[in-house]
Structure formats: C-alpha cells, structure tokens
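Heads up, the thing below is written out as structure tokens.
Every number here is computed from the coordinates shown, using simple stated rules; none is lab data. The structure presented is a predicted model; accordingly, all values stated were derived computationally and were not measured. When we count neighbours, we look across all protein chains shown, and the Cβ atoms used for this are built from the backbone with ideal geometry, even at glycine.
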Amino acid sequence: MTSDLRTSARDIRVALVHLGCSRNLIDSENILGHLGAEGYSLTGSVEEADVAILNTCSFIGPAREESEGVIQDLLQAKAAGNLRGVIVAGCLPEKFRPEVEAKFPQVDAFLGLSDYSNVARIVETVLKGGKVREDSGGRAPQGQGEFLRLLQTPRSYAYLRPSHGCDHDCGFCIIPQIRGKQISKPVAAVVAEVEALVAKGVCEVVMVAEDSTGYGRDFAQGEARLPELVDAMASVAGLKWLRVMYAYPNNFPWALTDVFNRHANIVPYLDIPTQHISSKVLKNMRRGGSSASVRRIMQRLREEVPDMVLRTTVLVGHPGEGEQEFNELLDWLEEFRFERLGAFAFSPEATAPSGADEDRCSHEEALERQGRVMQLQAQIHADFQQTLVGRRLPVLVDESAGEWAIARTWADAPEVDGVVRIHDPAHNLSTGAMPEVLVTAADGYDLEAEVLPSPN
C-alpha cells in the first residue's frame, strides 16, 4: 500500500471471525498480522467493524453448516447497513468455491488458502465496491516462516506448524483435497519461528500439522526429519515447554523418543490418533497398519518415555464397523487406558474414499457408539486424574480469573484437555507463570491445587 492508503486504513475497522482447528487459528493470526502491518484497525466485535472476515472450516458437514450459518449472519448485518464488506476465507472456499459462491453471491470476496499477504489489498478492493474471487493457485504459502502472526492465544502458549498438507489418503478425510500434499518448512525456518515466539514471551510451543511425523519426507532425502526438528526446537533458549500434536502412528520415527528423553522442556505427551483397533476397520479407513501394529506402537511409546501421556482420537461408525468391531475397540480402550481421548462419529463426505460406502450403521447408531466410548473414557480419565492427587507438579498458568488462576500440567494440551484451578485471591500468579503446586483434588476432567512455597 502507499502511505496515503495506510493513512486511510487506520480509519477502517476489521473484525475476524475464526472457526475450526488450531491450524486454522494460525491462518487467522496470519490474516490479522498482515492487516495490522498495513495499518488497519482490528476489533474483536463484528458490531464495531466496517469489514468482517470469516475464516471457515469445512472438514466435515457440520463444520460447513456452521460456516454457512455465520456467513448468513454476516450478510444480514451487511444488508442492514452495519457492515461495508464481508470476506469469506479458508477451507470452505478452497474446497467448495463454486457451491458457496452460488449460494452466497452477496459475499464481497472469497479467499482460499492463498498467501494471506494479499488480504490487505483485498479489503481495499472490497471497500471500493469491487468483488474478489481469489484463486489460491495451490495452497497456503510454503517453505517460509510465519512471523507476522498476531497471536490470539495467551502468551503462555502458541501454536506452530512445521508443515502444510497431508500425503495420506484416509477413507474418511478430505483434508488432502483441501490443503494439498505435505510441504515441510526448512528446519532453520521453524527454529526461527520458535525464537520469535519466545521473544514475544511465549512459554509453550504446541506443534500442530496435518501429519507431524511425516515432517521432512518431502525433502530430497525422503526421510522423516521430525526427531531432528524437535531436537532443534527444544534447544531454543528460553523455551519452557514443547508439545507435539497430530502424530501419525505408521512409520513412527523412533529416534523421537530419545529426543524426548534428552530435553527436559519437551513434555512427555504425544497426540497420536489411532482412529480404531480393528484390522478390518483400519483397512477400510485406508489407515495402513493392523491391530497388532497399533498395539505395539502404543505400548512401546509408554515403555520408552517415562511419564508419557498419550492422547488419541477414535472414529466410530465408519463403514465396516459392525457391533463386533466396535466391541473390539471398546475392549482395547478399556485395556490400554489412554490418559486422554477424543471420539467422533463418522460423517460421510461425498468426495472422500469412504463417502459413498453404504456398509455402515446409521448416524444415530454412530452417535450412540460415540457416547459409549466417551462414557468409558470418562472413568479412565477420572482414574488417571486420581493418580495425580497428592503429587507435586510444575504447571503453566494460562490465565488469572477472579480468585482463581487457571493452569495446565504436562498432561494437558491447551483447549482440548483439562485444567488446574489454583485458588489465588491475591493474584500472585500471572499468565506464563510456572509454579510448583500440590494437587489437592480431582473434579471431573479438572484438578485443584495449591501453590507450594518457593525454595529459598
């Protein structure tokens, strides 16, 4: 932009509405960062904004329905004269551009997973009465660091993605159709991002990607480079915690467990979605591996990393899952006892490999199975929480609210796991503090604790 345009931009208020996962949140932070760098005023309220940007999710049907509902609300606000422009960005226009454009022609601009450095130009065009239908020309910008992000998380933690896209062809998933093949950033670029986040006061970096364990396989050597990357990230001075999410179980890079054990700031926590345990269902899902291989991988992780907390995700109701296969899953979950777990009911996607397969239970039955899994997991989770009562643990404070500070242990990833409530009426604990606490009680998914006196 020219200096004149920057001057005018200061008078334009832009609100961003974020939907979806932590990877989407990074996209939202990039959008906000580029707008702020170009002089636009940012507001958290659509009611106060001149232009609203919606960053959408379209992973499954319910997510698309939510995105479309918000689009409708924003267009109504525009029709009432409360907004000058509505921009729809992200996964929905990336994958379903023709459909969403036909359904919502009043939208002023569509922006897929393009280089978000264009967003300020797009806002300018919209304010001049123009329409924008941005072609992504591929996917999100690759092979570079993301340094302009305006963080939307508390400074206690921030997300970082070392790669974009996914090379797998899971039967239930359309993410590769949305985000393309995996492209990894160079190790040096990722380390520079960690350094920049630490310089901003971030205590915990949470690594997120479509397939974390696939990092580096797109490099010339064709080998997994995740152990090298995690080692380099953990070596950044000032980084308090590093957490790895979204690991793929097959072809696991076992050198990673040695890296975990060498660095005290890598929390012994791994998110590794298994999806199922039935060999039949895994085959139908196109996940690779078998019941035996999944069992071996999970057990080995616990054996090689002390205090390892494993989080997994399972998908119920997928084609090929009858009552026998579902009971096999339940039996395994009760036997293995994942400390953290999420369960989802299968949602058929027309363009996914399993989308047209009718060999499945009803959606109602899938939801009932999901409920049975989570009922079992609630007890497993409660049992694990009880093992923490009476322990002295370091925690990371995310916020101080009223008389309570809200923190997390190593066993709790932000936004998806529980919290630790610490009575702190004097507000001695601020965001980013890492006190040692005594866990005094377990309450459902959360813990209560008291701060221990600091050693003299």
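Some notes on this structure:
- Dividing the summed -39500 (n - 2.57) terms of all DSSP H runs of n ≥ 4 by the residue count of the chain sets its mean residue ellipticity at 222 nm at -11000 deg cm²/dmol.
- Relative exposure of MET298, MET207, MET434, judged by other C-beta atoms within 10 Å (fewest first): MET434, MET298, MET207
- Along the chain, the exposed loop sites are trypsin sites (Lys or Arg not before Pro) outside DSSP states H, G, I, E and B with at most 15 other Cβ atoms within 10 Å, and the longest stretch free of them is 11-127.
- Whether segment 392-451 is rounded, prolate or oblate, judged on the alpha carbon gyration tensor where a/c under 1.5 counts as rounded: rounded
- Cross-link pairs exceeding 19 Å between alpha carbons, from the set LYS103/LYS131; LYS181/LYS280; LYS95/LYS280: LYS181/LYS280; LYS95/LYS280.
- The chain: relative contact order as a whole-number percent, Cα under 8 Å and 6+ apart: 10 percent
- Cys with no candidate disulfide partner in the chain (beta-carbon separation under 4.7 Å rule): CYS21, CYS57, CYS91, CYS166, CYS203, CYS361
- Segment 22-135: C-alpha gyration tensor shape, a/c 1.5 cut-off, then a/b vs b/c: rounded
- The chain, dipole about Cα centre (Lys/Arg Cβ +1, Asp/Glu Cβ -1), debye to the nearest 20: 1040 debye
- Exposure rule at most 15 other beta-carbon atoms within 10 Å, DSSP loop chymotrypsin sites (Phe, Trp or Tyr not before Pro): the chain longest free segment: 255-444
- With the charge dipole of segment 338-456 set up from +1 on Lys and Arg Cβ and -1 on Asp and Glu Cβ about the Cα centre, the Cα lying farthest toward the positive end among the listed residues ALA401, PHE346, GLY390 is that of GLY390.
- Charge dipole (debye, nearest 20) of segment 162-206; +1 at Cβ of Lys and Arg, -1 at Cβ of Asp and Glu: 120 debye
- Summing Lys and Arg as +1 and Asp and Glu as -1 over all other residues whose Cβ lies under 15 Å from the Cβ of GLU399 gives a net charge of -4.
- Positive contributions from Lys and Arg (+1) and negative ones from Asp and Glu (-1), summed over other residues with Cβ under 13 Å from the Cβ of VAL316, come out at -4.
- Burial ordering of VAL202, VAL419, fewest other beta-carbon atoms within 10 Å first: VAL419, VAL202
- When the square roots of the Cα gyration tensor eigenvalues are ordered a ≥ b ≥ c, the ratio a/c for the chain is 1.5 or more and a/b does not exceed b/c, which makes its shape oblate.
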